[in-house]
1. Name the single residue, out of those in the stretch C:167-179 being surrounded by fewer than 17 Cβ atoms within 10 Å (Cβ to Cβ) and assigned to a helix (DSSP H, G or I), that is nearest to the chain's Cα centre (by Cα).
2. Within the stretch A:91-99, is even one residue in contact with a helix residue (DSSP H, G or I) (Cβ under 9 Å, 6 or more places away or on another chain), more than 21 Å from residue C:115 (Cβ to Cβ) and modelled with pLDDT of 95 or more?
3. I need the full set of residues from the stretch C:195-214 which are touching a helix residue (DSSP H, G or I) at 6+ places or on another chain (Cβ under 6 Å) and touching a residue at least 40 places away in the same chain (Cβ under 8 Å), in order please.
4. If we scan the stretch D:35-54, do we find a residue that is more than 14 Å from chain C (Cβ to nearest Cβ) and surrounded by fewer than 24 Cβ atoms within 10 Å (Cβ to Cβ)?
5. Quick one: residue B:166 ticks every box in (1) under 25 Å from residue B:95 (Cα atoms); (2) touching a residue at least 40 places away in the same chain (Cβ under 8 Å); (3) within 14 Å of chain A (Cβ to nearest Cβ) except a single one, so which number is it?
6. Taking residue D:148 as meeting all but one of (1) touching a residue at least 12 places away in the same chain (Cβ under 8 Å); (2) out of contact with any strand residue (DSSP E or B) (no Cβ under 7 Å at 6 or more places or on another chain), write down the number of the exception.
7. I'm trying to understand the selection: among the residues of the stretch B:180-196, which are more than 15 Å from the chain's Cα centre (by Cα) and closer than 19 Å to residue B:101 by Cβ?
8. With the requirement that a residue be more than 14 Å from chain C (Cβ to nearest Cβ), closer than 18 Å to residue D:334 by Cβ and in contact with a strand residue (DSSP E or B) (Cβ under 7 Å, 6 or more places away or on another chain), what does the stretch D:184-212 give you?
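The values are calculated or read from the model by the stated rules, or taken from the named source; none is laboratory data. The shown structure was predicted, so the numbers you read here are calculated from the model rather than taken from an experiment. Here the Cβ is made from the backbone with ideal geometry for all residues, glycine too, and neighbour counts use every protein chain on show.
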């Protein structure tokens, strides 16, 4: 499994249609308009401006979490490492799925803050309350890192979602062992838009101790909105943001974007578009007898092509190679807020023609 | 000395004219145009796109450093901690002025990467080659952190600049003790535009082992362009960027901005505007018999007002309080790329009327 | 798997005979004599004394590695974290068996120095050159921690040993991928004394880039002798020792002990005794039809008792519980330099009587 | 200022009498006897044995702190870094005198755990409550590391002591700003034995949140006994000890030593001897008109010799050079638990003869 290897080496080819990830384009036009409109205004720095305040208020309202703290950071790895560093004592470890972004895709960013990532093996990207229990319900042992936090992703790195029941069960184990539950929501929009997911934004706030609402992959230029629900996790969070290089000087850029996302439901709308595009492609794949490696319920499809199929489609479409086998190759295909219907139709035709 | 305290607590007041820092507005219109124009394009992620490649090529050309590596990061603290972490071994310290951004304004970000910041006392923000020599020319002592890197800022946190002669002298000591020289250029534009500064961009590249060209404070939405000249400091820099949360998913945003900055000299032009505005205000202050705390040669003025003067001006203008004395208060006033001439004229009239 | 849980909770019971680990007694009498003899002497501190110099010279001679650096540290975890921190850059990971001490038994000590431990699954405690190749022979990927070092233990945490052929094969992969090979020798004495092991001390020095010769578990009060063979790993090691709290003020205590260990072969002699005691017990177990969980070739036996057998023996003997099953319990039994033959005979009788 | 430079470079010369530090000899004979007596006993590991329990109980009793936690570590740097890492959150700094051991003599060990050491300038080694207040009574500022802990040494690195009144005043400021007070007691014995010091061991426990009782410099082979009085600082301390490499396998070595130290007052007795020896030398120096750089009230004298005087005495005596001036050299002279009266008499004669 490796992300973006193709992207890194590919020449920029403007005739290609890119499905390799969900951050190939800039920003949703409505958000861009707001950035343009507010560009000449003067505001105070570092997220102390009125746009950040407004965006935070709207998010707390949608979360039905009036006492939550909301902070805005630029990117996912930055957000993960800042949250985790702010919570754990030195000897504490974060428990995560073996497929979790912090375990596989952040260059040891969590370890660089001093903490072990204890992984729970998973094929699907999801872990269960019982798997977590097996890891945390162990005798006191000063020779091992102590579980200090549970990390999962909604949606997962493989496009799956946790149901409300699953999340509640995980939270119950977390509570039993006095561990906060932190949900990486880099793709939360696509999870909330999935038919397989019965959780709402306020449901997330009810269940999680801390989570974030991903902007980068759902149509922002960049940005992740951290929602800290648990009172005990709030103290001095902005210090840690600054220390980790995550306090944006022109913080209002984050406020403007998240205000535009949430004041009229734009975030949910564009996420739904992304999922809808993926579901159309999924149907075409299934109809063509092509396998999907994981349950495809959000904006990510993991498709098992023959090498022939892959090469043929690669003339026009870019996917992210995931696992190369002898006869087949699994690739990741992402749709997103910006995926064009005409491109999807073209791709569907191409799949039919394989 | 404390930055942005006023900003943090101030209500957003739209009748105010803000001089408290150099990041109160969004982005230069010409750069904004480019962001709008390129918004719908698809590119690969994490800085592997053609805009980053183009911007890097232009910068290397201007630096007359064809073999340099150029990387783009989002903010100053992030850039400082990433560069320093990439260079030092665990027991090595960075030598910096006591007023250096890494020593005073980054919440222990460098220490959080494991390294001591050894400070050289300075009243002015600048340090000399001889001061550095006194710190690094010491007997081997395994009980003390070992000097591993020299850090200075151009322009300094107090608005001063190093001349070419001063930089060359510092570099000579650095070379003698086998220490790389790293220059924080968060406000490099304003330094290059200063009459007091005889160094060019290519001069910087000749003298420094690594430096960066600040975008955030010179008219970008955000962004710092790191130029690594010393071959030995290049290896695996992108890994460290990723690990520290500094590899922007939509990296092309940085490429687009720095391409726009440097393809036609826009960066130099807007920096010159910022300095020019500051020099006009400086003249008014001097004429009014108001003292400046440090030599004012770039876009930052440190002004010693009486409390009466400060209160009067604060009705309309925002400055950053720096040092409160019994009879006077020293404040920082910043101009920048976006400072309006009419606002400067108004302020000058107000100063005359004090 | 958990170490010393029994030990931690057990009351001190002087009628018990302890086989739970290999550090239950103080120090070998011959070494104690030397500590007593030298006690009143004045020496310089921090390992700069003549005893350390002498011990280092003897060890280099035995290793046939005249250019090696030898340093003395107090304990195993300290030694592992110091060596690893001294070698790796921030984004680099250490590759280790999933059973490795640094992965399971050091409370995240390596992660606390900022580095990921990438584990290779193993049932036996050993890993192969091919397993290592599979982990390190991967495309450049800035999103993943980069392999920077290979860690194995000789003997392993489960009592196994690597043969010369196996070590040479591992070193070949290490060399191919420009990775140093670091061997944790906390129980190196018992490995060298094993019939299953055809490597000598000088063989270790030929193959490894850095390794250590464990004293704590082989009859010292405490102490591990680090042998750095690879020139590139030597620089400033004492700084890192000091920084990590590992530079003992009265360093001569380490010099005196290791000099006593190696000037006349005492180390090899006592290690051989420990292994011999284990082999006698092993024979009794096999004769009694009791299973051993891993190949038992050094001083550690992992014995699968029925619960009945375990309880019966526990009245007089202390073992370390390892894995509790429904019908059986696997325990660790350690002999060491101090194991008394009479105690072993008693235990053998007890095993026969089960 | 640099420690042990002389020691590091000096050849071992047995005709020399060493006063360069307080750890030139092994261990007090009474403690050595106990180590010999208990050597063959089997105990459980990692400080879970009965000797550690007994030593802890005696210390808690002497401290009149029945609810304190007592832990045993090997050395001072290790103890400092373990305590500080266990207390601070990532963005928090420790406040220390500029002369503090953690600031000057630990190779950035505290920074290596991620924390800034904010120093308060001092000429004497001591800092006052008012100096601390000036540093911690500042506006909330997320751009600066947040004070999280106060560190002082008793006795100081320059041989001074804090009186009860001074400590109580410091503790009052600490309490006011919700900062724990941590006292480095590497030389606590010599402080308690000083006529200038009116604090007892139980007084220390009443005033401090955490402190340690140094063994290494007062006659142990090695060892520091940490006393954690503040309930909130106790949690999981042993995990941090293990993680930092400070959990000694044969922990009973620490228990045996501290039991021997405190069961009959040996610690106080030998510390008093050390101070008495220093006071005799001090008198001779004063009589000879030779200056002392700091108030000399414990076992350390900082003596200002002419270069002639220094060279003459150096033929027979070893001191630690501290500050080399043009005409004079300041050296550190340490007495300790093992200083022989005959050596002191000889030295006094030599001083008289200068």
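1. C:168
2. Here is the first cut: in the stretch A:91-99, the residues in contact with a helix residue (DSSP H, G or I) (Cβ under 9 Å, 6 or more places away or on another chain) are A:91-98.
Restricting the remaining residues to those that are more than 21 Å from residue C:115 (Cβ to Cβ) gives A:97.
With the extra rule that they be modelled with pLDDT of 95 or more, the set shrinks to A:97.
Taking every residue of the stretch A:91-99 in turn, at least one turns out to be in contact with a helix residue (DSSP H, G or I) (Cβ under 9 Å, 6 or more places away or on another chain), more than 21 Å from residue C:115 (Cβ to Cβ) and modelled with pLDDT of 95 or more.
3. Answer for the stretch C:195-214, where residues must be touching a helix residue (DSSP H, G or I) at 6+ places or on another chain (Cβ under 6 Å) and touching a residue at least 40 places away in the same chain (Cβ under 8 Å): C:197, C:199, C:201, C:207, C:210, C:211, C:212, C:213, C:214.
4. Residues of the stretch D:35-54 that are more than 14 Å from chain C (Cβ to nearest Cβ), as a first pass: none.
No; the residues of the stretch D:35-54 include none that is more than 14 Å from chain C (Cβ to nearest Cβ) and surrounded by fewer than 24 Cβ atoms within 10 Å (Cβ to Cβ).
5. Result: residue B:166 fails condition (3) only.
6. (2)
7. Taking the stretch B:180-196 as the starting set, the residues that turn out to be more than 15 Å from the chain's Cα centre (by Cα) are B:180-181, B:195-196.
Passing the criteria: B:180, B:181.
8. Of everything in the stretch D:184-212, those that are more than 14 Å from chain C (Cβ to nearest Cβ), closer than 18 Å to residue D:334 by Cβ and in contact with a strand residue (DSSP E or B) (Cβ under 7 Å, 6 or more places away or on another chain) turn out to be D:185, D:188, D:189.
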